[in-house]
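Working notes for the structure below.
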Amino acid sequence: MKIELAENYGFCFGVKRAIKIAEENQNASTYGPLIHNSKEIARLDKDFKVGLVDDFTTFKAGETAIVRTHGIQKQELAALNVAGVNVIDATCPYVTKPQEIAQEMSEAGYSVIIFGDAEHPEIKGVESYATHGAIIVNNVSDVVNLNLREKIALIAQTTRKVEDYMEIANYLIPRCKEVRVFNTICHATFDNQDAIRKISKKADVMLIIGGKNSSNTKQLSSISHDYCANSHHIEDENDLDFDWFKNKQFCGISAGASTPDWIIQNVVSSIEENVN
Ligand code: F3S
């Protein structure tokens with residue numbers, strides 16, 4: 001079995017930065033998971049005593065709260081500051097940017113449309129910065145049903161598929177007087193998506209490694225399925241099914257932006273040990 005890693009995969013700039021911040025702040029707690037990878041979160045807890053708090057109101061004055069890569073809602077940040085909590089911001093700068101755009105465009109009178117998952121913490125955070133509210137859409141058919149205003153500002157979740165974003169922009173542009181389309185998909189996402197497009201075209205089995213709740217891993221998996229029917233989203237080596245490799249020659253591997261190298265290496269080693 002030939003195993004090849006995509007040209008770009010795994011830990012992105014924002015995740016590396018957040019982990020470094022966490023490692024430098026032992027005994028602090030993150031509000032919500034720092035990144036979408038439970039195994040890396042467990043490692044931070046075990047090796048650096050960085051805990052996880054799910055309810056921000058439980059932080060007490062003087063305690064340290066690390067804001068996760070996906071950011072938090074504007075009102076939550078304000079409440080933490082008012083409560084005297086020492087807030088350390090590990091929000092990825094690629095997430096801070098759409099928060100700023102949402103606020104600026106909303107205050108300038110634009111209808112803010114966010115292409116993303118309404119339940120994802122990043123989108124809840126970005127939405128909270130739109131002073132006059134925002135509309136969240138998950139695909140172009142959600143836009144078709146909207147009563148569109150004249151001035152639209154379009155923002156994407158950082159990890160979305162660019163083709164889907166363009167479909168929404170293409171729908172809006174001929175129908176509204178003014179559409180401002182902000183390219184808020186981050187570079188890591190672009191690079192990882194380009195690389196998986198390339199490798200999945202030639203692989204006969206594809207593995208996409210990452211948390212099941214990781215948005216960018218899900219997008220990578222969706223692209224991989226477009227080109228390779230034998231694509232599998234796994235969290236680690238325990239999810240492998242060696243039947244996938246029967247009569248196959250070339251296994252391509254990619255991983256989401258929150259997947260540490262040690263998990264990827266474990267997957268590679270397991271295939272090498274169990275597949276001819
Ligand atoms: Fe930031 Fe993009 Fe990573 S938004 S956390 S650099 S996937």
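The values are calculated or read from the model by the stated rules, or taken from the named source; none is laboratory data. Predicted model, so just to flag it, every value in this text is computed and none were measured. Note that we place each Cβ from the backbone using ideal geometry, even for glycine, and neighbour counts take in every protein chain shown. Accessible surface areas use protein heavy atoms only, side chains included; no ligands, DNA or RNA. Shrake-Rupley method; radii C 1.70, N 1.55, O 1.52, S 1.80 Å.
Taking every protein chain into account, the 1.4 Å probe leaves Asp226 with about 100 Å² of accessible area, to the nearest ten. Looking at region 195-254, the accessible area is 42 square angstrom per residue; that uses a 1.4 Å probe and ignores ligands, DNA and RNA.
In units of the compact-protein estimate 2.2 N^0.38 Å, region 94-185 shows a Cα radius of gyration of 0.94.
Using a probe radius of 1.4 angstrom, the carbon and sulfur fraction of the accessible surface of region 94-185 is 46%.
With the other protein chains left in place, how much accessible area per residue, in square angstrom, belongs to region 94-185 at a 1.4 angstrom probe?
47
Measure up Lys177/Lys218; Lys2/Lys49; Lys39/Lys161; Lys97/Lys151; Lys46/Lys201; Lys60/Lys97 against 32 Å on the Cα-Cα distance and list the ones that go over.
Lys177/Lys218; Lys2/Lys49; Lys46/Lys201, as the Cα separations exceed 32 Å there.
The order of Met105, Met1, Met166 by accessible area, most exposed first and with a 1.4 Å probe, is Met166, Met1, Met105.
Under a Cβ-Cβ cut-off of 12 Å, what is the net charge of the residues other than Asn170 that fall near it, where Lys and Arg count +1 and Asp and Glu count -1?
My count for the surroundings of Asn170 gives -2.
When shorter helices are ignored and each DSSP H run of at least 4 residues is given -39500 (n - 2.57), the per-residue value for the chain at 222 nm works out to -12500 deg cm²/dmol.
Rolling a 1.4 Å probe over the protein chains gives Ser221 an accessible area of about 10 Å².
Element breakdown for region 13-91 at a 1.4 angstrom probe: carbon and sulfur atoms account for 52% of the accessible area.
What dipole magnitude, in Debye to the nearest 20, does the chain give about its Cα centre under +1 on Lys/Arg Cβ and -1 on Asp/Glu Cβ?
On the way: 28 positive and 38 negative charges, 110 e Å.
In debye, rounded to 20, the chain gives about 520.
Computed extension gain for Thr57 through Ala42, at 0.36 nm per residue and net of the alpha carbon distance, reaches 3.1 nm. The accessible area of Arg197, taken with all protein chains in place and a 1.4 Å probe, comes to roughly 40 Å².
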